Amino acid sequence: ELALLLAVLVNSFGVVLMLYSGAGISAISSVPYAFSEVWPFFTLGTWTYLFQATLIISLMILRKRFVPMYLFSFVVGFFFSELLDIHKAWIGILPYTLPMRFVYFIISYLLCIGIAFSNRCGLPIIPTDLFPRELAQITGISYPKIKISYDVICLLTTAILTFLFLGQIRGLGIGTIMAAFTMGKSIGMIGNILDRHFRFATAKDLKKS
């Protein structure tokens, strides 16, 4: 439970901080961001959980069955989406100098830690984190490869949407590209470190033991 809470807090803040740094938005939120720019009648948070619903439906189709856990994941994703809007509302008070923007991008890379915790908490997690993990299990392809491919597809979708409808590519920067091609491996490395030093269990599991 603590790992899931930490993951939601870290990931939501990391997404908004990366965007605020001017280095681009994280790949997992780039598609909802593109929707919010092209069709601004919904906020980034609202588009995020609509996108998450699409991912949940896609996973059920791939598994060819109804998976109740995926619905709980959507509930977690709803709180994550609301936190995005909350962080966007206050983050403008932070200094916006060039050195600080660099610092913000470095801090936003904590997303790797948040996702690594998500993958090990044993509870329903944010759909954007759940999708590559479950797809890796379904296909048998390693998580880092799935994660990198997933991020790159999100970036391409964002670039095409914003260019076609707005005449320019928005939300993507050098930070976005770096994160897309390195975050999968970074999450895998952090996950291996966590596995060596921690054992994750739910409160129910601890009572049984």
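Looking only at region 169-182, which residues are open to solvent by less than 70 Å² (accessible area, probe 1.4 Å) and in contact with a Phe, Trp or Tyr (Cβ under 8 Å, 6 or more places away or on another chain)?
Taking region 169-182 first, the residues open to solvent by less than 70 Å² (accessible area, probe 1.4 Å) are 171-173, 175-176, 179-180, 182.
Selection gives GLY171, GLY175, ALA179.
For region 131-147, state whether one or more residues are closer than 20 Å to SER81 by Cα, modelled with pLDDT of 80 or more and not hydrophobic (A, V, I, L, M, F, W, C). Quick ask: steps written out before the conclusion?
From region 131-147, those closer than 20 Å to SER81 by Cα are 131-133; that's our starting set.
Still in the list and also modelled with pLDDT of 80 or more: 131-133.
Of the ones still in play, those that are also not hydrophobic (A, V, I, L, M, F, W, C) are 132-133.
Yes, region 131-147 has at least one match.
Taking region 32-48 as the range and being touching a residue at least 60 places away in the same chain (Cβ under 8 Å) and surrounded by fewer than 24 Cβ atoms within 10 Å (Cβ to Cβ) as the test, the residues that pass are PHE35, GLU37, VAL38.
One residue is enough: does region 106-117 have a residue meeting the conditions without any contact (Cβ under 8 Å) to a residue 60 or more places away in the chain and either among the acidic types (Asp, Glu) or under 18 Å from LEU17 (Cβ atoms) (or both)? Explain how you work it out, then say what you get.
Residues of region 106-117 without any contact (Cβ under 8 Å) to a residue 60 or more places away in the chain: 106.
After this cut, where a residue has to be either among the acidic types (Asp, Glu) or under 18 Å from LEU17 (Cβ atoms) (or both) as well, the list is 106.
Yes, region 106-117 contains a residue that is without any contact (Cβ under 8 Å) to a residue 60 or more places away in the chain and either among the acidic types (Asp, Glu) or under 18 Å from LEU17 (Cβ atoms) (or both).
Taking the criterion of being of a type in the set (Val, Ile, Thr) and more than 21 Å from GLY22 (Cβ to Cβ), the residues of region 158-192 that qualify are ILE160, ILE187, ILE190.
Taking region 16-49 as the search range and keeping residues that are polar (S, T, N, Q) and assigned to a helix (DSSP H, G or I), which one is modelled with the lowest pLDDT? Lay out the reasoning, then the answer.
Of the residues in region 16-49, the ones polar (S, T, N, Q) are 21, 26, 29-30, 36, 43, 46, 48.
Remaining after also requiring assigned to a helix (DSSP H, G or I): 21, 29-30, 36, 46, 48.
Details: SER21: 91, SER29: 86, SER30: 90, SER36: 94, THR46: 92, THR48: 92.
Selected residue: SER29.
Among helices (runs of 4 or more DSSP H) entirely within region 50-133, having at least 3 residues that are under 17 Å from ALA3 (Cα atoms) singles out 68-90, 111-118. Cβ-Cβ distances below 8 Å connect the following pairs, each with a first residue in region 181-200 that is closer than 18 Å to LEU130 by Cα, a second residue that is open to solvent by 60 Å² or more (accessible area, probe 1.4 Å) and part of a helix (DSSP H, G or I), and a separation of six or more residues or different chains: GLY184/LYS145; ILE190/ILE113. Among the residues of region 5-15, which ones are open to solvent by 40 Å² or more (accessible area, probe 1.4 Å) and either of a type in the set (Ser, Thr, Tyr) or modelled with pLDDT of 85 or more (or both)? Passing the criteria: only PHE13.
Take the residues in region 69-95 that are aromatic (Phe, Trp, Tyr) and in contact (Cβ under 8 Å) with a residue 24 or more places away in the chain, then tell me which one is surrounded by the most Cβ atoms within 10 Å (Cβ to Cβ). Full working, then the answer.
First, pick out the residues of region 69-95 that are aromatic (Phe, Trp, Tyr): 70, 72, 74, 78-80, 90.
Okay, now just the ones that are also in contact (Cβ under 8 Å) with a residue 24 or more places away in the chain, so 70, 72, 74, 78-80.
Working: TYR70: 19, PHE72: 13, PHE74: 19, PHE78: 17, PHE79: 14, PHE80: 25.
So the residue we want is PHE80.
Among residues of region 113-155 being in contact with a helix residue (DSSP H, G or I) (Cβ under 8 Å, 6 or more places away or on another chain) and of a type in the set (S, T, N, Q), the one that is most open to solvent (accessible area, probe 1.4 Å) is THR139.
The values are calculated or read from the model by the stated rules, or taken from the named source; none is laboratory data. If you're wondering where the values come from, they're calculated on a predicted model, not measured in any experiment. Note that we place each Cβ from the backbone using ideal geometry, even for glycine, and neighbour counts take in every protein chain shown. Side chains included, ligands, DNA and RNA excluded: accessible areas come from the protein's heavy atoms. Shrake-Rupley method; radii C 1.70, N 1.55, O 1.52, S 1.80 Å.
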